[in-house]
Ligand code: TRP
Ligand code: SF4
C-alpha cells in the first residue's frame, strides 16, 4: 500500500488491499505515491540529483527532476562515460492503450540506446494474463500498440531487443533458476501474497526477476538500468537481492580467521588502523613495526574506543570474538566464501588467487588482492564454471504524471490521460478541458501568479511538449508563476502542441508497422486460457 489513508483501495482484479498493510509499495495496487521523500528515507532510493553531474548529456527528464530517484545509477553513468558496455531494460503490461505516462519510459529506453546501451523492451504478457486476467487476444492487440509507439518514438530494433515474456525461452529458464533462490515467505513479505494468490501470478514475478537480469546473459554481466515508476521498486529490490544470492562466491574484507558481520568489520578496521599506526613503543619497548596487532589488544582498544552508539551491539560481539582469538594477529585480507556452485569452482578459485593465501573449509583468505580485483576474479571463476556472475541491477524512477482532471492519471479514466492512440483532436480537447494551477480570476492570476507546480498542464510542457527545449519549459514556468501567462492561452498553446505531437506520432506509428512486421515477434499467439487475477 502506498496511500495510507485509503487502506481498502480496490485492485484492478476486484480484490482489495486488505491484509497487505505490511507491504509498503504494491506494484499491482494503485500507483499513487503519497510522498516521494518517503521513498528516500524509508526505502533507500537515492536522489537522482546526486548522480546527475556524472551523467554525460543528461536527458531532459533527468534535468527537470522528472526522473527523481535511482538505485546505483552511478555504475551505469560511469560505464556510459567510459564507453564500457551497459544495458537498459523495461517492461510494459499490455492491459490497455499506451499513454503519455508510458512515453516517459519509452523515451528513457531510447535515450539509453542512443547513448550506446544494449537496450531491451519487453511485453509483460504473462503478468497481464495472470495478475490482471487479460485475455490472450486482447494482450496481442495491446502488445502491438505498445511496440508500435516504442518504435515510432525512435527505438532501433536492429540495435536493441524486443520480446514478449511468454515466448522467450531464455527468460523462462532464467526465471526457473532464480526461483530456486526465492521462497514463498519472501513473496508474502515483499508483495503481500497469501494463500489465495495464484501460482501463475507468482510465476509472473519470477519471470520479471528474469527480465531484469536477462541483459546480463548477453556477452557478459554488465551494469543494467531498469527505468520504471517507483511502484516497481519492490521488484527492483528483489532482483538486486537475487542477483547477489545467485553468486557462487561472496567476497568481503576480513581481519582475522573468525567471521564478522558488516558492522563488526567496521570496528575491526578501526581497531586495526588505529593500532597499526601507533609507533610509540609499548611497555616492552616494541613498536608497531615489529609487532603484529593481536586480537586481544584490539579487544582492549575496542572496549575503550569512543564509538557511535549505533555500533554498541557490534562492539560487544566483536570484543567477544577478538578475545576468543587471543594472540592471533589481526591482519587485513580479502575473504572468498564459497556459497554454492560446484566444488570445482572452489578449487579453481584457490588456483586463481595470486600471492599469499590461506585455504579454510568453505572459504579462502587472500592477503595480496584488493577488494575490487578479488570481486573481478570471483566473477571470472564463476562464469567459467556455469554461473551467471550477475551484477546487481540499477534503476531510475520517474514521477507519475498527474491526471489531467486532477487526482492521479489512470488508464481507466480516459479524461485523466492522453492515450498515444487518441485522435489528435481528442488530445486537443482533453488538454483544453484539463484542470490547472490557475487562480479564480485573471486579475488574481496577474497579481499572484499561477501555481505551475500544481498544474497538470505545466506538467505536460515539462514532461513532453517542451521536449528538449529547457528554455521553453522554464519560460512557461516563469511566465506562469510571474502572472504573465493566463490559463486560457496557455492551454490553447499546449493543446495545439499536443495535437501536433499526436498527429506526428500517428504518422510514425504507421511507418513503424512495416518495421514491426519484419521483427521476429509473434503478435498473433494461438494461446488458450482464461487467465486469472490474483
Ligand atoms: N511489472 C511491470 C508493470 O507492471 C512490467 C514489467 C515486467 C517490467 N517485467 C519488467 C518492468 C522488467 C521493468 C522491468 O508494468
Ligand atoms: Fe498551468 Fe499554464 Fe495556467 Fe500556469 S498558466 S496554471 S502553467 S495552465
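Points to keep in mind about this one:
- Residue 114 versus residue 331: modelled label distance in nm, points set 7 Å from Cα along the beta carbon direction: 5.5 nm
- For the chain, the longest principal axis of the alpha carbon atoms and the long axis of helix 343-352 meet at an angle near 70°.
- In this rough spin-label picture, where each label sits 7 Å from Cα along the Cβ direction, the residue 489-residue 514 distance is 4.3 nm.
- When the Cα gyration tensor is reduced to axis lengths a ≥ b ≥ c, the ratio a/c is 1.5 or higher for segment 414-517, and with a/b above b/c it is classed as prolate.
- DSSP assigns beta bridges within the chain; of those with both partners inside it, close to 60 percent run antiparallel.
- Based on C-alpha pairs under 8 angstrom that are at least 6 apart in sequence, the chain has a relative contact order of 19 percent.
- Over segment 223-380 - Rg/Rh using Cα atoms and the Kirkwood inverse-distance radius: 1.05
- With neighbours defined as other Cβ atoms within 10 Å of a residue's Cβ, the residues 327, 250, 499 order from fewest to most as 327, 250, 499.
- Spin-label model distance (nm) - residue 274 vs residue 475, 7 Å beyond Cα toward Cβ: 6.2 nm
- Overall, the ratio between the Cα radius of gyration of segment 104-258 and 2.2 N^0.38 Å, rounded to two decimals, is 1.15.
- Once C-alpha pairs closer than 8 Å and six or more residues apart are averaged by separation and normalised to the residue number of segment 414-517, the relative contact order reads 36 percent.
- Using 0.36 nm per residue and subtracting the Cα-Cα separation, the extra length available between residue 340 and residue 356 on full extension is 3.4 nm.
- Arranged from fewest to most other beta-carbon atoms within 10 Å of their beta carbon, 191, 146, 36 become 36, 191, 146.
- Residue order, fewest to most surrounding Cβ atoms within 10 angstrom, among 474, 224: 474, 224
- Rounded tilt (10° steps) of 136-152 against the dominant C-alpha axis of the chain: 90 degrees
- Projected area averaged over orientations for segment 137-200, convex hull of C-alpha atoms, nm²: 6.6 nm²
- Rounded to two decimals, the Cα radius of gyration of the chain over 2.2 N^0.38 Å is 1.14.
- Rounded tilt (10° steps) of 295-304 against the dominant C-alpha axis of the chain: 60 degrees
- Mean projected area (nm²) of the alpha-carbon convex hull when segment 333-476 is viewed from all directions: 16.3 nm²
Throughout, read-outs are computed from the coordinates displayed, never taken from laboratory work. Model, not experiment: these values are computed from the prediction. Virtual Cβ from ideal backbone geometry, glycine too; neighbours counted across all protein chains shown.
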